[in-house]
Amino acid sequence: MSWITRLFAGWTGLVLLFFYLPIAILILFSFNESRLNIQWTGFTLDWYVKLWRDHVLMRAVKNSLIVATCATVVSVVLGTAGAWLLHRYRYRAAGLLETLVFLPMIVPEVILGVSLLILFVQIGLQLGYTTIVISHVTFCFPFVMAAVQARLAGLDPSLEEAALDLGATPLQAFFKVLVPYLMPAIVSGALMAFTLSLDDLIVTYFTASARTATLPLVIFGKVKKGLDPSLNAISTVLIGVTVLALFVTEALRKRNS
Amino acid sequence: MRQGATGFTAAAGTQRAPGRVGTLLLAPLVAWALLFVVAPAAIMLVYSFLERGTLGGVLWERATLENYAGVGNPVYLRIVLRSILYAGITTALCLAAGYPVAYLIGRANLRYRNLLLMAVMIPFWTSFLIRTYAWVTILKSQGFLNSSLLALGLIDQPFEMLYTPGAVIVGLVYTFLPFMILPIFTSVEKLDGALIEAALDLGAGPLRAFSRVIVPLTSPGISAGVLLVFVPALGIYAVNDILGGGRVDMIGNIIENQIKGNARNWPFGAALGTALLFSFAVAYYYVNRRQRVAEGRA
Amino acid sequence: MRRFEWMRWMAVAAFAALAACGGEEKPAAPAEGAASPAEPPAGGELNLFAWSEYLPQGVIDEFTAESGIVVNYEQYASNEEMLAKLTSGAVAYDLVQPSEYTVEAMVKEGLLLPLDKTKLLNLKNIGQEYYGRAHDPELTYSVPYMQGTVGIVANTEKIKQPVTSYAEVFQAKHEGRIVVLDDSREVVGWALASLGLDANDVTPENLEKAKPVLAKWLPLVKVYDSDSPKTALLNGDVDLGVVWSGEGAILINEGGGKFSYTLPSDGAHMFIDSLAIPKGAQNLAAAHQFIDYLLRPEVSVKISADFPYTNPNVEARKLLSEAERANAASYPPGSPKLTTFKDLGAAAADVDKLFTDMKAQSGS
């Protein structure tokens, strides 16, 4: 299998190059002197300074992170629970429920946004963090559920039996055997949910309030004037923080093991 | 008996009947689905039968079918077909490009696997708008790609890449590739190495082992990936708007126009959305049913 | 499991750091470092719903610093988006910023409150030519914020001959070098104007007449962009455009002197974006105070500096620099033929359908 593996590794390298080309460009242009992201005119750190002082943008970043974290947590809980229940029990309406759950992924965002807005108004829910998180969870948790379901489909029951035979209670078996088994799916679903929530624009437009405006909303507002490099700067910072966190985690893990 | 609420002793392929606990545990999910999925969809459905209000919105005076008549108009059908074409091409390309990546990550050892997953996801934590505009910078006539090709002497005139259907496809593939990689990865990850070895032991060359054993085994991941790319790609409007120069209108653009644009025709947008939704709900239900039968859950 | 624990702590730490520097909405924390009183807000809150990137944040911050009123600034990118969220009733907006034809529609539907002119002492700064317009003749409901036109921009290095009418823009030799607004009312309006018809006269017969014009024009268009058409022009991907005057002004300022802005001789669209108070506004006092604040000449010039449209405030115009006043896009010379848009009601859908159809037929 090794020549196939090597071929795939090379291909993955190319795909990653493809992924990171725009990222490299946007990082590069965050240091560009010119306001318009068109030509390189000179190196400067001005945009990072401007970013630091831009309280609206920084608040938007904070909002985005809060919303994404909450939405991911709720999505993981709902999605994992849903996937597991549907796997464990034979519900008569299973097919219908699954279709319903995946519906928000099919509905065009504009319509989902407007419908949810109307719904919130009807039930008297004020626009804010709650409404945004609810809207995000609605289209995020199907991803977690799908990932966990795919993994559950290959679950070997003898695993669980073995745990129970060795004296574990059903609850212990659940958390010590099932959850670790599901972890890759949960992580991949959670990653997807977090990403989707962080980047959502349309549905958020209809369900957010001025104070809870997220980053995509603020960025979209700036398109008209031209996306100035402070927006590149914030993206660079976000990436930087994530990569740093990764390195630190890896280093710590190496030390522990 | 060591069977508690978690009912762990059922064997694969058999499921228990829910009972009270099972039904109770499912209640939150059902409540969520009813409140935040069914209700908005119902609103959309109801709106599609009403008339447009003067300022957008709807009038509650009478019901009408004229919005659905509008859906059948050749102007919009042409755009629907185009959307299906672009979504289809995007899905195919994502599958071809993403499968090897997903396979590699799935078979890698734990440390590399998580790093690679993060490597795949990190670009998507930047804003979608900024990423897409970065592609504008790359593809434009004085952009990165053209400048590099000119410098390398591979071309002598800038190649027109931006504001073409090709640019739209590049943007779409870029946007949706992770949606293909992640589901396939979860399928690959749980592949039993022993099965692959067995196939090879029994004389299959790597290529045959791949196509006859591995790919079919990962089919749940492939189906999930295809669904997760094709359907949202149909509703997209920002990527094609920016990279296609506004010339590649898709269903998403039309619907957006009805609600956020000059047309102020919400019922028509709702009708288009309902038609889209209905076709896919039906298709999904049947595909899902087959899948559940295959997995022994139906 | 330990790895995930560390990641969680990392995330919490990063998040806390960002939260700390994100800063709360202190009403007195403007970026420019103006004098900032640290008292809690005195005048309540103002729910402002305005176009994105049309109001400098600095102006808002200074207003808050001076009045103590916290401004909740929500943005939209089209009149229809504004109407969608406004009419849903989800938020009680105190101030909105509709275009002229939307003002007309909103007045008809009773969605706007009449202004209390006793609170708008600076209203006298608005030029006389803004009275007597069809959408709000006496400025009862709306105060002009910025005015603009839609005209022809040309890269004079590539386009040697002057382009002064729609027909001259849409010639075969310019194929693939044109950017236009992605707006059905605009483009169809130009087609009608080129035929000598009124852009607001969208009867089915006139739309039929516009069809062949569009069929000839649209295949020549490279880019449709209402958000930032200047990008394609600055990139050199196109050389000619029919765009907003504000975009034209920025091109003149930042394009290295090679861009020109001309109003089409067949007739151009003049738009007036105004401030208005919707029915259901909670803080009328703050709304009036904000409008009056924006009407101050020294504040108005700051808006012009960032958004070089035509400033309706004659006192502010006196404070503009030479260069700003000379900008042909901001202040078009001569007496061009200008039309404002009227509310089309249901006919807007027909216009949109025609445009979508012709776009699809001409495209890929």
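No lab work stands behind these numbers, since they all come straight from the coordinates. All values derive from a computational prediction rather than experimental measurement. All Cβ positions, even for glycine, are placed from backbone atoms using ideal geometry, and neighbour counts span all protein chains on display.
Averaged over peptide A:183-193, the number of partner chain Cβ atoms lying within 10 Å of each residue's Cβ comes to 5. Dipole magnitude for the protein assembly as shown: about 3000 debye, using +1 per Lys or Arg Cβ and -1 per Asp or Glu Cβ, origin at the Cα centre.
Determine the shape class of chain B: with a ≥ b ≥ c the square roots of the Cα gyration tensor eigenvalues, call it rounded for a/c under 1.5, and otherwise prolate if a/b is greater than b/c, oblate otherwise.
Since a/c reaches 1.5 but b/c is at least a/b, the shape of chain B is classed as oblate.
Axis of helix C:284-294 versus longest Cα principal axis of chain C: the two differ by about 60°, to the nearest ten degrees. Anisotropy class assigned to the range C:50-157 is rounded, per the alpha carbon gyration tensor with a/c under the 1.5 cut-off. Beta-bridge orientation, the protein assembly as shown: approximately 55 percent antiparallel, per DSSP, counting only bridges with both partners inside.
In degrees from 0 to 90, rounded to the nearest 10, what is the angle of the helix C:297-306 Cα long axis to the longest principal axis of chain C? The two axes meet at around 60 degrees. By other beta-carbon atoms within 10 Å, ranking C:His135, A:His55 with the fewest at the front produces A:His55, C:His135. Mean Kyte-Doolittle of at least 1.6 and a Cα length of 30 Å or more along the axis: which whole DSSP H helices of chain B meet both? Span-like helices, by this rule, are B:165-189. Only Lys, Arg, Asp and Glu carry charge here, each on its Cβ (+1 for the first two, -1 for the last two); on that basis chain C has a dipole of about 620 debye about its Cα centre. Adding -39500 (n - 2.57) for every DSSP H run of four residues or longer, then dividing by how many residues the protein assembly as shown holds, sets the calculated 222 nm ellipticity at -18500 deg cm²/dmol.
Helices of chain A meeting both criteria, an alpha-carbon length of 27 angstrom or more along the long axis and an average Kyte-Doolittle score not below -1.0, with helices taken as full DSSP H segments, are A:2-29, A:55-88, A:129-152, A:179-199, A:229-256.
For the peptides C:172-182, C:99-109, residues were scored by their other Cβ atoms within 10 Å and the scores averaged per peptide; the highest-first order is C:99-109, C:172-182.
What percent do you get for the relative contact order of chain B when only Cα pairs under 8 Å and 6+ apart count?
27
For the range B:210-298, the direction-averaged projected area of the alpha-carbon convex hull comes to 8.0 nm². With the alpha-carbon atoms of the protein assembly as shown aligned to their principal axes, the span from lowest to highest coordinate is 91, 64, 60 Å, starting with the largest.
With contacts taken as Cα pairs under 8 Å and at least 6 residues apart, the range A:59-256 reaches a relative contact order of 36 percent. Straight-line reach only, C-alpha to C-alpha below 18 angstrom: list the lysines that C:Lys353 could link to, leaving out same-chain residues fewer than 8 apart. Within the straight-line limit of under 18 Å, C:Lys353 reaches these lysines: B:Lys260, C:Lys209, C:Lys211, C:Lys216. What is the distance in Å between the Cα centres of the range A:10-61 and the range C:65-92? So the separation of the two Cα centres works out to 30 Å.
Taking the fewest neighbouring Cβ atoms within 10 Å as the starting point, the ordered list for C:Met270, C:Met146 is C:Met270, C:Met146. Within a 10 angstrom radius of each residue's Cβ in C:45-53, how many Cβ atoms of other chains show up on average? Whole number is fine. What the average comes to for C:45-53 is 3. Loop-located chymotrypsin sites (Phe, Trp or Tyr not before Pro) in the range C:136-218 (DSSP state other than H, G, I, E, B) with a sparse environment of at most 12 neighbouring Cβ atoms within 10 Å are absent.
The range A:233-256 and the range C:236-286 have Cα centres spaced 44 Å apart. In chain C, taking the dipole from charged Cβ atoms about the Cα centre, the farthest positive-side position among C:Gly132, C:Ser99, C:Ser88 is held by C:Ser99. Simple point charges give the picture: +1 on the Cβ of Lys and Arg, -1 on the Cβ of Asp and Glu, and for the range C:142-265 a dipole about the Cα centre of about 400 debye. In terms of distances greater than 27 angstrom between alpha carbons, the cross-link table entries C:Lys119/C:Lys318; C:Lys160/C:Lys342; A:Lys222/C:Lys85; A:Lys62/A:Lys254; C:Lys158/C:Lys230 yield C:Lys160/C:Lys342; A:Lys62/A:Lys254. Shielding value for C:145-152 is 0, the average number of Cβ atoms from other chains within 10 Å of each residue's Cβ. Neighbour counting of Cβ atoms within 10 Å sorts the residues B:Thr90, A:Thr5, C:Thr310, fewest neighbours leading, into A:Thr5, C:Thr310, B:Thr90.
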